[in-house]
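Reviewing the structure listed below.
What follows draws every value from the coordinates through simple rules; no lab data is involved. Just so it is clear, the structure is predicted and the values come from calculations on it, not from any experiment. For neighbour counting, all protein chains shown are included, and Cβ atoms are generated from backbone atoms with ideal geometry for every residue, glycine included.
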Amino acid sequence: MVWERLVGVLAAGLGVLAWGLSLDLPKAQGPGPELFPRILGTALVLGGLYLAWARSEGPPPSQAAGRAGVKAALLLLLLLFLLAPSLLPRLGVAPTTALMAGAGTLLAGEGLARALAAALALGALAYLVFVRLLGVPA
Amino acid sequence: MNFLSPEILLAMFLGGLYGAVFGALPGLTATLALSLFIPFVLFLPPEVGLAAIISLSATAIFAGDIGAVMARIPGTPASAAYTEEIHELAQARGPAFALGLSALASALGSLVGTGLLVLGSLGMAAIARQFSSFEYFWLVLLGVTSGILAAPHIAKGLVAFALGMLLGTIGYDPTLGHPRFTFGNPNLLDGVNFIVALIGLFGLSEVLFQLLKGPGAKPQSASLSLKGSASRFFLEPLRLILAKGGLFLRSSLLGTFIGFLPGAGSDFAAWVMSNFQRLAKGSRETVVLAGTAANNAAVAGTWIPALSLGLPGDTLTAIVLGLFLTLGIRPGPELFSQNLNLVVEIYLIFLLSSVLIMPLVGYLGSFLVDLATRLPRGVLLGGIAGLSLLGAYAINNNPFDLYVLAALGLLGLLLRLGDYPLGQVVLGLVLGPLLEQHLMVSMIKTHWDLFSFFERPVALFLALVNLAFLVGMAWLRLRQAKRLGALEARKEEA
């Protein structure tokens, strides 16, 4: 399975990164703050490489995972979440939550009316429960 | 606040209903329910929040059976152990009987688990007062090894655990206070916020994963099948449980013990007990009874090391421990000496949850699930996306947490696509800093003398327990795989 191997490679890469970054950590008498990340880095490199090379045991990837429209929807939602830290101070908590709920509903294949309903419901929940009742800054 | 106060009872009831809906819908697990619920709990009094959490986690594990009964799709991994049998039972004797058996065996199993929770946690807390960093090191290591070995695929469990522990190293190191892997960003000095990580790994990644997967099956209407069926739901299953008292008790006791092992949890308990019944050529009823009693007894069992040692028994207790630390409550022996009231309240809430909430919410929850299944899938996913953003921001009111949320949502998606266990990442995130702290404190105390880890009698005993557990689990997994393989081969031949 391609994802199994890909995550294996990613884990091994993170293991190497943990080793590399731990070289810059301040040294103590005997092992210091670098010891634990290096142990984990070694486990990640060994486990990751084994999974990247070993015979796959999982099911084949689903067809949905390969469809272009689905990938675009996924990327759009991720992009929205990455934009959220900039949107939140400008729009406020409730409108950003509503935007995310509406966009998520639309990208999941529902119509505009349902997306609006989801946006309104989550926006109202954010405002009434979190902002008014629990005191989260608007 | 009295544990019978209206606020606590309402929190238990609503938490139970919420857990029932999440547990019953395939893909929406108890862990996801708890991850999205935690931001609300942070604003509630601790007793009220804990009441809702305990009721939620107990009911969600039971409610996993609703999806299995109605559509042969287990709502939670703990129900997957006996999905075939409970679905066939529903076909043969009606959904009311199958769900009733599940609800009553769950409730009574949970009651046995609660009894053992009281005895076990009080005993463990008394013993743990004598523990030093050496004993704690071996105990946390036991949690790590059992968490890895309990994963369906050991190498994937190892990688998931190591990823979680590596995430836990971001920020000040726990012994000397040097900042690590922060890339000069002050937002990362205190590390990755546990609750934000949880929402990213379970909430956002669920939305992304469901978007990729496309429309999935949903359970059929539960209410139609349960109309006018209170006696089939309550009385007939109770007769069966009383007739199979020995099996029920054995499953509950072993389930609690498996739940007690750090990292093993209710999924593992259900698999072990239902497999034992299959190997003993038990009927559908006994396989379901053993599995469902074990997985709910294990829920109480997971709280024994969590309360008395501060070690999570499973992902759910890992989340609760993270919440405890966020609220400034330190679990372990000190909790019993300094905040005994809270411990007693937890026991009482477990008791009430087992006796009253689980059967009642189980019955009512089946009707509520019917309504939830009518919600369009896209609206449900949009709702989770909105709640993920809201929950992650509400914890610190820091927009930077949303970057962490997006990054961990993507990591969670990749892990799901590769079939890596997400629960092990969360356990690693909780156990990693503890393991490093006890390792480093022990080594600094003894000037890097490795033999000191074996000098104290209890530390030596725990080191041997680690070794025995490692060998025993490897042997058990090999034996079960061989016997189940032989069983499958016999089925195919027949």
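Roughly how many debye, to the nearest 20, is the charge dipole of the protein assembly as shown about its Cα centre, given +1 on each Lys and Arg Cβ, -1 on each Asp and Glu Cβ, and no other charges?
1120
Using the charge dipole of the range B:370-492 (Lys, Arg: +1 at Cβ; Asp, Glu: -1 at Cβ; taken about the Cα centre), state which of B:Gln437, B:Ala459, B:Ile395 has its Cα farthest towards the positive end.
Projecting each Cα onto the dipole axis, the largest value belongs to B:Ala459.
As a footprinting exposure proxy, order B:Asp401, B:Asp314, A:Asp24 by other Cβ within 10 Å, with the fewest listed first.
Sorted ascending by nearby Cβ count, the order is A:Asp24, B:Asp401, B:Asp314.
Want the number for B:Leu470 to B:Val344: 0.36 nm per residue separation, take away the alpha-carbon distance, what's left?
41.9 nm
So who's got an amide H within less than 5 Å of the one on B:Asp314, skipping anything under 5 residues away but keeping other chains? H placed 1.01 Å off N, in plane.
B:Gly263
Could you give each residue of the range B:14-22 its phi-based ³J(HN,Hα) in whole Hz, using Karplus coefficients 6.51, -1.76, 1.60 with θ = phi - 60°, and x for Gly or Pro?
5, x, x, 5, 4, x, 4, 5, 5
Tell me, in nm to one decimal, what length is gained between A:Leu116 and A:Leu49 on full extension, where the rule is 0.36 nm per residue of separation less the Cα-Cα distance?
Full-extension gain reported as 19.5 nm.
Note down the net charge around B:Leu50, summing +1 for each Lys or Arg and -1 for each Asp or Glu among other residues with Cβ under 13 Å from its Cβ.
Neighbour charge sum, excluding B:Leu50 itself: -3.
Would you mind computing, in nm to one decimal, how far apart the modelled labels at A:Leu75 and A:Leu91 are, each placed 7 Å from Cα along Cα→Cβ?
Between A:Leu75 and A:Leu91, the simple spin-label model gives 2.1 nm.
When only C-alpha pairs under 8 Å and at least 6 residues apart count, what is the relative contact order of the range A:67-133, in percent?
32
For chain A, what is the convex hull (Cα atoms) projected area averaged across all directions, in square nanometres?
Its average projected convex-hull area is 13.3 nm².
Could you tell me the convex hull volume per residue, in Å³, taken over the Cα atoms of the range B:1-127?
It is 122 Å³ per residue.
Rounded to the nearest 20 debye, what is the charge dipole size of the range A:2-61 about its Cα centre when +1 sits on each Lys and Arg Cβ and -1 on each Asp and Glu Cβ?
Dipole size: approximately 80 debye.
Once amide H atoms are placed 1.01 Å from N in the peptide plane, what residues at a sequence separation of 5 or more from B:Phe131, or on another chain, have their amide H within under 5 Å of its amide H?
So B:Phe131 has HN proximity to no qualifying residue.
List, largest first, the extents of the alpha carbons of the protein assembly as shown along their principal axes, each in whole Å.
Principal extents (Cα only, largest first): 73, 60, 59 Å.
State which entries of A:Lys71/B:Lys156; A:Lys27/B:Lys445; B:Lys156/B:Lys281; B:Lys156/B:Lys213 exceed 23 angstrom in Cα-Cα distance in the structure shown.
A:Lys71/B:Lys156; B:Lys156/B:Lys281
Let me check the size of chain B from its C-alpha atoms; what are the radius of gyration and Dmax in Å?
That works out to 21.8, 71 Å for Rg and Dmax.
Could you please report the charge total around B:Tyr82, scoring K, R as +1 and D, E as -1 over all other residues with beta-carbon less than 14 angstrom from its beta-carbon?
Neighbourhood net charge equals -3.
Rounded if a/c is under 1.5, else prolate if a/b is larger than b/c, else oblate: which is the range A:67-133, with a ≥ b ≥ c the root eigenvalues of its Cα gyration tensor?
The shape class here is oblate.
Could you pull out every residue, at least 5 positions away or on a different chain, whose amide H is within less than 5 Å of the one on B:Arg180? Hs are placed 1.01 Å off N in the peptide plane, and Pro or chain starts have none.
Those lying under 5 Å, H to H, from B:Arg180 are B:Gly171, B:Tyr172, B:Asp173.
By how many degrees, between 0 and 90 and to the nearest 10, does the Cα long axis of helix B:358-374 differ from the longest principal axis of chain B?
80
Report, to the nearest 10°, how far helix B:83-93 tilts away from the longest principal axis of the Cα atoms in chain B, using its own Cα long axis and a range of 0 to 90°.
The two axes meet at around 20 degrees.
Quick one: grab Rg to one decimal and Dmax as a whole number for the range B:122-178, Cα atoms only, in Å.
Rg and Dmax of the range B:122-178, Cα atoms, are 14.5, 37 Å.
Which ³J(HN,Hα) values in Hz, rounded to whole numbers, follow from the phi angles of the range A:128-135 under the Karplus curve 6.51 cos²θ - 1.76 cosθ + 1.60, where θ = phi - 60° and Gly and Pro get x?
6, 7, 7, 6, 6, 7, 9, x
Apply the Debye scattering formula to the range B:296-399, with a single equal point scatterer on each alpha-carbon and no solvent, then give log10 I(q)/I(0) at q = 0.15 Å⁻¹.
For the range B:296-399, the Cα-only Debye profile gives -0.91.
Calculate for chain B the 222 nm mean residue ellipticity that helices alone would give, adding -39,500 (n - 2.57) per DSSP H run of length 4 or more and normalising by residue count, nearest 500 deg cm²/dmol.
-25000 deg cm²/dmol
Rank the residues B:His153, B:His447 as a footprinting-exposure proxy: fewest other Cβ atoms within 10 Å of their Cβ go first.
B:His447, B:His153
Suppose every K and R has +1 on its Cβ and every D and E has -1 on its Cβ; what is the size of the dipole of the range B:6-493 about the Cα centre, in Debye to the nearest 20?
1160
Can you tell me the length gained on complete extension of the stretch B:Phe183 to B:Glu455, counting 0.36 nm per residue apart and subtracting the Cα distance?
Stretched fully, the B:Phe183-B:Glu455 segment lengthens by 93.9 nm.
I need the phi-derived Karplus couplings for the range B:409-424: 6.51 cos²θ - 1.76 cosθ + 1.60, θ = phi - 60°, integer Hz, Gly and Pro marked x.
With coefficients 6.51, -1.76 and 1.60, one gets x, 5, 4, x, 4, 4, 5, 5, 4, x, 6, 8, x, 6, x, 5 Hz.
Over chain A, calculate the relative contact order: mean separation of alpha carbon pairs under 8 Å at least 6 apart, over the residue count, as a percent.
Across chain A, relative contact order equals 20 percent.
So what are the range A:2-61's ellipsoid semi-axes, whole angstrom, largest first, if each one is the square root of 5 times an eigenvalue of the alpha-carbon gyration tensor?
30, 9, 6
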